[in-house]
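Scroll down for the structure; my scribbles are underneath it.
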Amino acid sequence: MVYGAAIMGILAVVSGRRFSFDMSFPYIGSLIYLSVIGTIIAFGCYLKLIGKIGADRAAYASMLFPVVALGISTVYEGYQWSAHNLTGIVLVLIGNGLVINKRALLN
């Protein structure tokens, strides 16, 4: 995250943009939420998942994160699904199923 912030800072300076920080409660609240819940706690949960099911299966589970994100976006933001989205979701689910079942068959 430090590297990303440094690169973005350099790009902002090079492009002539000025730095600004919104001091409103919604902005600071969302920043704290994403920092604590979305980064620290989520990473801890992911490490716990790796410990329980192994790194290989946890990696396959992480491919489902976009599916969950699209579902949440549908409920709370009125996201409109298209054939491309549905095709992508189906391919992700089929790929996960094939990899996990192949691994189970080999053991």
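Test residue 41 against the criterion of being part of a helix (DSSP H, G or I), at pLDDT 90 or above and within 14 Å of the chain's Cα centre (by Cα), and give yes or no. Steps first, answer last, please.
Working: part of a helix (DSSP H, G or I): yes; at pLDDT 90 or above: yes; within 14 Å of the chain's Cα centre (by Cα): yes.
Judged against the criteria, residue 41 is a match.
Every condition in (1) touching a residue at least 40 places away in the same chain (Cβ under 8 Å); (2) aliphatic (A, V, I, L, M); (3) out of contact with any Phe, Trp or Tyr (no Cβ under 8 Å at 6 or more places or on another chain) is met by residue 100 except one, and the failing one is (3).
Residues that are over 15 Å from residue 93 (Cβ atoms) and outside any helix (DSSP H, G or I) within region 44-67 comprise just one, 54. The residue list 98, 70, 11 contains one member that is surrounded by 12 or more Cβ atoms within 10 Å (Cβ to Cβ), aliphatic (A, V, I, L, M) and in a helix (DSSP H, G or I), which is 70.
No other residue among 20, 82, 35, 30 is more than 30 Å from residue 101 (Cα to Cα) and loosely packed, with under 11 Cβ neighbours inside 10 Å apart from 20.
The values are calculated or read from the model by the stated rules, or taken from the named source; none is laboratory data. Remember, predicted model here, so these are calculated numbers, not experimental data. Cβ atoms come from the backbone with ideal geometry, glycine included; neighbour counts cover every protein chain shown.
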